[in-house]
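Worksheet for the structure shown next.
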Amino acid sequence: MHEMGIVLHLAKTLDETAATEHLTAIGKVVLQVGEVSGIMTDLFTDCWDYFKGRHAVLKNSTLVIEQIPAVTYCDNCKGTYATVKYGKECPYCHSGETWLLKGNECIIKEIEAE
Amino acid sequence: MKVIQLGASVTASNEKDAERLRAKMKAGGTLLINVMSSAGAGKTTLLSRIIRDMPHTSIAVMEADIESDVDAVRIESLGAKAIQVHTGGMCHMDAGMTAAAVEAMDANADLIFLENVGNLICPAEYDTGAGKNLMILSVPEGDDKPLKYPLMFGKSDALVISKLDALPYFTFDVQRCIARVKKLNADIKIFPVSAKTGEGMQALEDWLCERMAEWQQS
(Lines give C-alpha, C1' and ligand atoms only; values in the text may rest on other atoms or scores of the structure.)
Protein backbone atom coordinates (compact mmCIF):
# COMPACT_ATOMS: atom_id res chain seq x y z
CA MET A 1 0.00 0.00 0.00
CA HIS A 2 1.59 3.17 -1.27
CA GLU A 3 0.19 5.63 1.31
CA MET A 4 1.45 3.53 4.21
CA GLY A 5 5.05 3.82 3.00
CA ILE A 6 4.81 7.59 2.69
CA VAL A 7 3.17 7.91 6.12
CA LEU A 8 5.98 5.89 7.72
CA HIS A 9 8.56 8.18 6.11
CA LEU A 10 6.68 11.29 7.18
CA ALA A 11 6.55 10.03 10.79
CA LYS A 12 10.27 9.21 10.73
CA THR A 13 11.24 12.59 9.23
CA LEU A 14 9.15 14.44 11.86
CA ASP A 15 10.55 12.30 14.66
CA GLU A 16 14.08 13.23 13.57
CA THR A 17 13.11 16.90 13.28
CA ALA A 18 11.70 16.80 16.82
CA ALA A 19 14.96 15.34 18.13
CA THR A 20 17.20 17.92 16.45
CA GLU A 21 14.93 20.90 17.27
CA HIS A 22 14.25 19.67 20.84
CA LEU A 23 10.48 19.57 20.35
CA THR A 24 8.23 17.78 22.84
CA ALA A 25 4.94 17.85 20.92
CA ILE A 26 3.96 18.47 17.32
CA GLY A 27 0.49 19.90 16.61
CA LYS A 28 -0.47 20.87 13.11
CA VAL A 29 1.48 19.33 10.23
CA VAL A 30 0.94 21.11 6.91
CA LEU A 31 1.64 18.90 3.92
CA GLN A 32 1.67 20.08 0.30
CA VAL A 33 0.60 17.32 -2.04
CA GLY A 34 0.77 17.58 -5.82
CA GLU A 35 -2.39 16.92 -7.79
CA VAL A 36 -0.71 14.12 -9.78
CA SER A 37 1.50 12.75 -6.99
CA GLY A 38 -0.68 9.64 -6.90
CA ILE A 39 -1.44 10.11 -3.20
CA MET A 40 -5.04 9.43 -2.13
CA THR A 41 -5.48 12.10 0.53
CA ASP A 42 -8.41 10.40 2.39
CA LEU A 43 -6.47 7.18 2.68
CA PHE A 44 -3.37 9.10 3.65
CA THR A 45 -5.14 10.87 6.53
CA ASP A 46 -6.62 7.59 7.83
CA CYS A 47 -3.21 5.99 7.67
CA TRP A 48 -1.67 8.94 9.53
CA ASP A 49 -4.26 8.78 12.30
CA TYR A 50 -3.34 5.14 12.81
CA PHE A 51 0.46 5.48 12.74
CA LYS A 52 0.87 8.76 14.68
CA GLY A 53 0.04 6.88 17.90
CA ARG A 54 3.34 5.03 17.59
CA HIS A 55 5.37 8.20 18.14
CA ALA A 56 4.96 10.06 21.46
CA VAL A 57 5.79 13.42 19.90
CA LEU A 58 3.17 12.98 17.16
CA LYS A 59 0.26 11.43 19.02
CA ASN A 60 -1.79 14.66 19.24
CA SER A 61 -0.87 15.94 15.80
CA THR A 62 -3.31 16.78 13.02
CA LEU A 63 -2.60 16.62 9.34
CA VAL A 64 -3.57 19.50 7.03
CA ILE A 65 -3.21 18.77 3.32
CA GLU A 66 -2.85 21.58 0.77
CA GLN A 67 -3.11 20.58 -2.87
CA ILE A 68 -0.61 21.86 -5.44
CA PRO A 69 -2.20 22.05 -8.91
CA ALA A 70 -0.40 20.16 -11.64
CA VAL A 71 1.01 22.30 -14.48
CA THR A 72 2.63 21.06 -17.68
CA TYR A 73 5.10 23.01 -19.83
CA CYS A 74 5.15 22.67 -23.63
CA ASP A 75 8.60 22.59 -25.21
CA ASN A 76 7.19 23.43 -28.63
CA CYS A 77 5.07 26.56 -27.99
CA LYS A 78 6.59 27.41 -24.57
CA GLY A 79 3.13 27.63 -23.01
CA THR A 80 1.84 26.05 -19.81
CA TYR A 81 -1.48 24.33 -19.16
CA ALA A 82 -3.44 22.35 -16.55
CA THR A 83 -2.12 18.76 -16.60
CA VAL A 84 -5.21 16.98 -15.30
CA LYS A 85 -7.54 18.61 -17.84
CA TYR A 86 -5.40 18.15 -20.96
CA GLY A 87 -2.92 15.35 -20.20
CA LYS A 88 0.28 14.83 -22.18
CA GLU A 89 -0.74 16.68 -25.37
CA CYS A 90 -0.51 20.48 -25.43
CA PRO A 91 -4.02 21.96 -25.97
CA TYR A 92 -2.58 24.95 -27.90
CA CYS A 93 -0.21 23.41 -30.45
CA HIS A 94 -0.97 19.66 -29.96
CA SER A 95 2.68 18.83 -29.44
CA GLY A 96 3.58 15.80 -27.31
CA GLU A 97 6.90 17.37 -26.26
CA THR A 98 5.59 18.39 -22.86
CA TRP A 99 6.95 18.13 -19.31
CA LEU A 100 5.40 18.22 -15.88
CA LEU A 101 6.40 21.53 -14.27
CA LYS A 102 4.82 20.90 -10.87
CA GLY A 103 2.19 18.73 -9.25
CA ASN A 104 4.18 15.62 -8.40
CA GLU A 105 5.52 16.74 -5.02
CA CYS A 106 4.89 15.79 -1.41
CA ILE A 107 6.44 18.41 0.85
CA ILE A 108 6.20 19.10 4.57
CA LYS A 109 5.53 22.85 4.41
CA GLU A 110 5.48 23.64 8.11
CA ILE A 111 4.69 22.23 11.53
CA GLU A 112 3.36 23.73 14.73
CA ALA A 113 5.29 22.48 17.72
CA GLU A 114 6.42 23.17 21.27
CA MET B 1 3.17 26.48 19.93
CA LYS B 2 5.65 27.83 17.43
CA VAL B 3 5.56 27.38 13.68
CA ILE B 4 8.59 25.80 12.05
CA GLN B 5 8.96 26.16 8.27
CA LEU B 6 10.37 22.95 6.90
CA GLY B 7 9.87 22.86 3.13
CA ALA B 8 11.37 19.36 3.27
CA SER B 9 10.49 16.36 1.21
CA VAL B 10 8.40 13.82 3.11
CA THR B 11 11.02 11.23 2.30
CA ALA B 12 13.92 13.38 3.58
CA SER B 13 14.86 10.72 6.13
CA ASN B 14 15.00 8.12 3.36
CA GLU B 15 17.25 10.29 1.21
CA LYS B 16 19.71 10.58 4.11
CA ASP B 17 19.68 6.80 4.65
CA ALA B 18 20.23 6.29 0.90
CA GLU B 19 23.30 8.57 0.78
CA ARG B 20 24.75 6.81 3.82
CA LEU B 21 24.30 3.37 2.23
CA ARG B 22 25.75 4.50 -1.12
CA ALA B 23 28.87 5.86 0.60
CA LYS B 24 29.27 2.60 2.54
CA MET B 25 28.94 0.45 -0.59
CA LYS B 26 31.38 2.70 -2.45
CA ALA B 27 33.95 2.37 0.33
CA GLY B 28 33.57 -1.42 0.24
CA GLY B 29 33.85 -1.53 -3.57
CA THR B 30 30.50 -3.31 -4.00
CA LEU B 31 28.15 -2.11 -6.72
CA LEU B 32 24.51 -2.34 -5.64
CA ILE B 33 22.02 -2.39 -8.52
CA ASN B 34 18.34 -1.83 -7.88
CA VAL B 35 16.33 -3.98 -10.30
CA MET B 36 12.75 -2.85 -10.90
CA SER B 37 9.95 -4.19 -13.10
CA SER B 38 6.36 -5.42 -13.08
CA ALA B 39 5.60 -8.73 -11.46
CA GLY B 40 6.42 -11.45 -13.98
CA ALA B 41 8.74 -9.44 -16.27
CA GLY B 42 11.50 -11.96 -15.66
CA LYS B 43 13.70 -10.38 -12.96
CA THR B 44 14.74 -13.68 -11.38
CA THR B 45 15.21 -15.39 -14.77
CA LEU B 46 17.43 -12.54 -16.00
CA LEU B 47 19.50 -12.55 -12.80
CA SER B 48 19.85 -16.35 -12.96
CA ARG B 49 21.23 -16.03 -16.50
CA ILE B 50 23.68 -13.30 -15.45
CA ILE B 51 24.92 -15.45 -12.54
CA ARG B 52 25.50 -18.39 -14.91
CA ASP B 53 27.17 -16.21 -17.57
CA MET B 54 29.50 -14.38 -15.16
CA PRO B 55 31.05 -17.16 -13.03
CA HIS B 56 34.13 -15.08 -12.15
CA THR B 57 32.14 -12.24 -10.63
CA SER B 58 31.03 -12.62 -7.05
CA ILE B 59 27.30 -11.87 -7.22
CA ALA B 60 24.73 -11.78 -4.43
CA VAL B 61 20.99 -11.14 -4.69
CA MET B 62 18.48 -9.60 -2.29
CA GLU B 63 14.97 -10.75 -3.14
CA ALA B 64 12.29 -8.33 -1.93
CA ASP B 65 8.76 -9.67 -1.90
CA ILE B 66 5.65 -9.30 0.15
CA GLU B 67 5.50 -13.10 0.76
CA SER B 68 7.40 -16.38 0.19
CA ASP B 69 11.03 -17.28 -0.53
CA VAL B 70 10.70 -18.97 -3.95
CA ASP B 71 12.95 -16.44 -5.69
CA ALA B 72 15.73 -16.67 -3.11
CA VAL B 73 15.66 -20.48 -3.32
CA ARG B 74 15.98 -20.27 -7.13
CA ILE B 75 19.00 -17.97 -6.91
CA GLU B 76 20.70 -20.06 -4.21
CA SER B 77 20.33 -23.19 -6.34
CA LEU B 78 22.75 -21.49 -8.78
CA GLY B 79 25.36 -21.12 -6.08
CA ALA B 80 25.00 -17.37 -5.53
CA LYS B 81 24.38 -15.91 -2.12
CA ALA B 82 20.76 -14.82 -1.72
CA ILE B 83 18.66 -13.29 1.01
CA GLN B 84 14.89 -13.00 1.09
CA VAL B 85 13.49 -9.71 2.33
CA HIS B 86 9.84 -9.41 3.30
CA THR B 87 8.58 -5.86 3.04
CA GLY B 88 5.76 -6.30 5.55
CA GLY B 89 3.03 -5.48 3.05
CA MET B 90 4.86 -2.50 1.55
CA CYS B 91 4.97 -2.13 -2.21
CA HIS B 92 8.60 -1.03 -2.44
CA MET B 93 12.02 -1.17 -0.76
CA ASP B 94 13.37 1.95 0.94
CA ALA B 95 16.96 2.75 1.88
CA GLY B 96 16.56 1.72 5.53
CA MET B 97 15.25 -1.72 4.58
CA THR B 98 17.96 -2.11 1.93
CA ALA B 99 20.72 -1.17 4.39
CA ALA B 100 19.39 -3.71 6.91
CA ALA B 101 19.32 -6.41 4.22
CA VAL B 102 22.90 -5.62 3.09
CA GLU B 103 24.01 -5.88 6.72
CA ALA B 104 22.16 -9.16 7.31
CA MET B 105 23.52 -10.72 4.14
CA ASP B 106 27.14 -9.91 5.01
CA ALA B 107 28.28 -10.84 1.47
CA ASN B 108 31.73 -9.97 0.26
CA ALA B 109 30.47 -9.50 -3.29
CA ASP B 110 31.51 -7.39 -6.28
CA LEU B 111 27.94 -6.99 -7.37
CA ILE B 112 24.71 -7.10 -5.37
CA PHE B 113 21.34 -7.04 -7.11
CA LEU B 114 18.38 -5.78 -5.16
CA GLU B 115 15.37 -7.41 -6.79
CA ASN B 116 12.74 -4.87 -5.82
CA VAL B 117 9.03 -5.65 -5.36
CA GLY B 118 7.36 -6.26 -8.74
CA ASN B 119 5.56 -2.98 -9.45
CA LEU B 120 6.24 -0.12 -11.89
CA ILE B 121 5.10 2.69 -9.60
CA CYS B 122 6.27 2.93 -5.97
CA PRO B 123 9.78 1.45 -6.29
CA ALA B 124 10.66 4.39 -8.58
CA GLU B 125 9.75 6.89 -5.88
CA TYR B 126 12.19 5.68 -3.23
CA ASP B 127 15.94 5.99 -3.41
CA THR B 128 17.21 2.61 -2.16
CA GLY B 129 20.82 3.74 -1.90
CA ALA B 130 21.78 1.70 -4.96
CA GLY B 131 24.64 2.82 -7.22
CA LYS B 132 22.64 2.14 -10.38
CA ASN B 133 18.97 1.59 -11.23
CA LEU B 134 18.02 -0.97 -13.83
CA MET B 135 14.52 -1.70 -15.01
CA ILE B 136 13.08 -4.54 -17.04
CA LEU B 137 10.16 -4.32 -19.45
CA SER B 138 9.09 -7.62 -20.97
CA VAL B 139 7.72 -7.99 -24.50
CA PRO B 140 4.29 -9.32 -23.38
CA GLU B 141 3.71 -6.16 -21.28
CA GLY B 142 3.57 -3.98 -24.39
CA ASP B 143 5.59 -1.08 -25.81
CA ASP B 144 3.16 1.52 -24.40
CA LYS B 145 4.41 1.16 -20.79
CA PRO B 146 6.80 4.14 -21.00
CA LEU B 147 3.73 6.31 -21.62
CA LYS B 148 1.92 4.96 -18.56
CA TYR B 149 4.79 4.80 -16.05
CA PRO B 150 7.11 7.64 -17.07
CA LEU B 151 8.78 8.05 -13.65
CA MET B 152 10.48 4.65 -13.58
CA PHE B 153 11.72 4.94 -17.17
CA GLY B 154 12.95 8.45 -16.36
CA LYS B 155 14.90 7.37 -13.27
CA SER B 156 16.59 4.23 -14.57
CA ASP B 157 20.20 4.10 -15.80
CA ALA B 158 19.45 1.07 -17.95
CA LEU B 159 16.41 -0.63 -19.44
CA VAL B 160 16.38 -4.31 -20.30
CA ILE B 161 13.70 -5.29 -22.82
CA SER B 162 13.24 -8.94 -21.85
CA LYS B 163 11.62 -12.02 -23.41
CA LEU B 164 12.78 -11.03 -26.90
CA ASP B 165 12.18 -14.65 -27.95
CA ALA B 166 8.43 -13.97 -27.53
CA LEU B 167 8.49 -11.14 -30.10
CA PRO B 168 6.80 -13.16 -32.92
CA TYR B 169 3.71 -13.68 -30.74
CA PHE B 170 3.11 -10.07 -29.68
CA THR B 171 2.68 -6.68 -31.35
CA PHE B 172 5.58 -5.18 -29.37
CA ASP B 173 7.59 -2.77 -31.56
CA VAL B 174 11.13 -2.54 -30.17
CA GLN B 175 12.04 0.64 -32.10
CA ARG B 176 8.83 2.40 -31.06
CA CYS B 177 9.48 1.43 -27.44
CA ILE B 178 13.07 2.73 -27.60
CA ALA B 179 11.88 6.05 -29.11
CA ARG B 180 9.31 6.46 -26.32
CA VAL B 181 11.86 5.70 -23.61
CA LYS B 182 14.51 8.02 -25.07
CA LYS B 183 12.00 10.87 -25.00
CA LEU B 184 11.70 10.41 -21.23
CA ASN B 185 15.37 9.73 -20.60
CA ALA B 186 17.94 10.59 -23.28
CA ASP B 187 20.86 9.02 -21.34
CA ILE B 188 19.33 5.60 -20.63
CA LYS B 189 21.12 2.48 -21.96
CA ILE B 190 18.74 0.00 -23.57
CA PHE B 191 19.42 -3.74 -23.88
CA PRO B 192 16.91 -5.92 -25.76
CA VAL B 193 17.60 -9.49 -24.54
CA SER B 194 16.30 -12.99 -24.20
CA ALA B 195 17.55 -14.68 -21.03
CA LYS B 196 16.22 -17.92 -22.51
CA THR B 197 18.21 -17.94 -25.78
CA GLY B 198 21.03 -15.65 -24.61
CA GLU B 199 20.39 -13.07 -27.36
CA GLY B 200 21.68 -9.63 -26.36
CA MET B 201 23.03 -10.83 -22.99
CA GLN B 202 26.68 -10.10 -23.86
CA ALA B 203 26.06 -6.35 -24.30
CA LEU B 204 24.23 -6.19 -20.96
CA GLU B 205 26.96 -8.14 -19.16
CA ASP B 206 29.66 -5.91 -20.70
CA TRP B 207 27.76 -2.90 -19.40
CA LEU B 208 27.63 -4.46 -15.91
CA CYS B 209 31.40 -5.12 -15.97
CA GLU B 210 32.10 -1.53 -17.05
CA ARG B 211 29.88 -0.14 -14.28
CA MET B 212 31.61 -2.37 -11.68
CA ALA B 213 35.07 -1.21 -12.81
CA GLU B 214 33.91 2.42 -12.75
CA TRP B 215 32.38 2.00 -9.26
CA GLN B 216 35.57 0.47 -7.84
CA GLN B 217 37.86 3.08 -9.39
CA SER B 218 36.29 6.50 -8.96
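The values are calculated or read from the model by the stated rules, or taken from the named source; none is laboratory data. No experiment lies behind these values; they were computed from the predicted model shown. Quick reminder, even Gly has a Cβ in these numbers, built from the backbone with ideal geometry, and neighbours come from all protein chains shown. Please note that ligands, DNA and RNA were not included when accessible areas were found on the heavy atoms of the full protein model with its side chains. Shrake-Rupley method; radii C 1.70, N 1.55, O 1.52, S 1.80 Å.
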- Note on the structure: For region B:13-217, dividing by residue count, accessible area per residue (probe 1.4 Å) in Å² works out to 42
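For the protein assembly as shown, what is Rg from Cα atoms divided by 2.2 N^0.38 Å, rounded to two decimals?
1.07
At the nearest 100 Å², what buried accessible area, both sides summed, do you get for A and B when the probe is 1.4 Å?
Answer for the A-B pair: about 2400 Å² buried.
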- Considering every residue in B:89-100, what mean count of other chain Cβ atoms within 10 Å of its Cβ is obtained? 2
- Whole-angstrom gap from region B:5-26 to region A:41-78, using each part's C-alpha centre: 19
- The ³J(HN,Hα) series, computed from each phi in region A:26-33 with the Karplus coefficients 6.51, -1.76 and 1.60 at θ = phi - 60°, rounded to the nearest Hz and given as x for glycine or proline, is 10, x, 7, 10, 9, 10, 9, 10
- Query: So for the protein assembly as shown: antiparallel DSSP bridges make up what percent, rounded to the nearest 5?
  - Reply: 35
- Taking only DSSP H segments of four or more residues, each worth -39500 (n - 2.57), what value at 222 nm results for chain B once the sum is divided by all its residues, to the nearest 500 deg cm²/dmol? -11500 deg cm²/dmol
- Distance in Å, no decimals, from the C-alpha centre of region B:143-194 to the one of region B:30-69 is 19
- region B:13-217: percent of C-alpha pairs farther apart than 23 Å? 40
- Surface per residue (accessible, 1.4 Å probe) for chain A, Å²: 52
- Query: Any idea what the relative contact order of chain A is, in percent, if you count C-alpha pairs under 8 Å spaced at least 6 apart?
  - Reply: 35
- Which residue, B:Gln84, B:Gln202, B:Gln175, tops the fluctuation ranking in a GNM of chain B built on C-alpha contacts under 10 Å? B:Gln175
- Task: Would you mind checking which residues have amide H under 5 Å from A:Gly27's amide H? H placed 1.01 Å from N; only 5 or more apart, or other chain.
- Result: A:Glu112, A:Ala113, A:Glu114
- Amide H contacts under 5 Å for A:Leu101, restricted to residues at least 5 apart in sequence or on another chain and with H modeled in the peptide plane, are A:Val71, A:Thr72, A:Tyr73
- Message: Please compute, for peptide A:11-19, the average count of beta-carbon atoms on other protein chains lying within 10 Å of each residue's beta-carbon.
- Response: 4
- Message: As I understand it, the value is the acute angle between the Cα axis of helix A:41-51 and the longest principal axis of the Cα atoms of chain A; what does it come to in degrees, rounded to 10?
- Response: 20
- Query: Whole-Hz Karplus ³J(HN,Hα) for region B:140-147, in order, using 6.51 cos²θ - 1.76 cosθ + 1.60 and θ = phi - 60°, x for Gly and Pro?
  - Reply: x, 6, x, 7, 8, 4, x, 6
- Note on the structure: Per the charge dipole of region B:1-109 (beta-carbon charges, Lys/Arg positive, Asp/Glu negative, Cα centre), the residue among B:Val85, B:Ala107, B:Ala39 reaching farthest to the positive end is B:Ala107
- Shielding by partners - mean other protein chain Cβ count within 10 Å, residues of A:3-10: 6
- For chain A, with the dipole built from +1 on Lys and Arg beta-carbon atoms and -1 on Asp and Glu ones, taken about the Cα centre, which of A:Val71, A:Thr41, A:Thr17 lies farthest toward the positive end? A:Val71
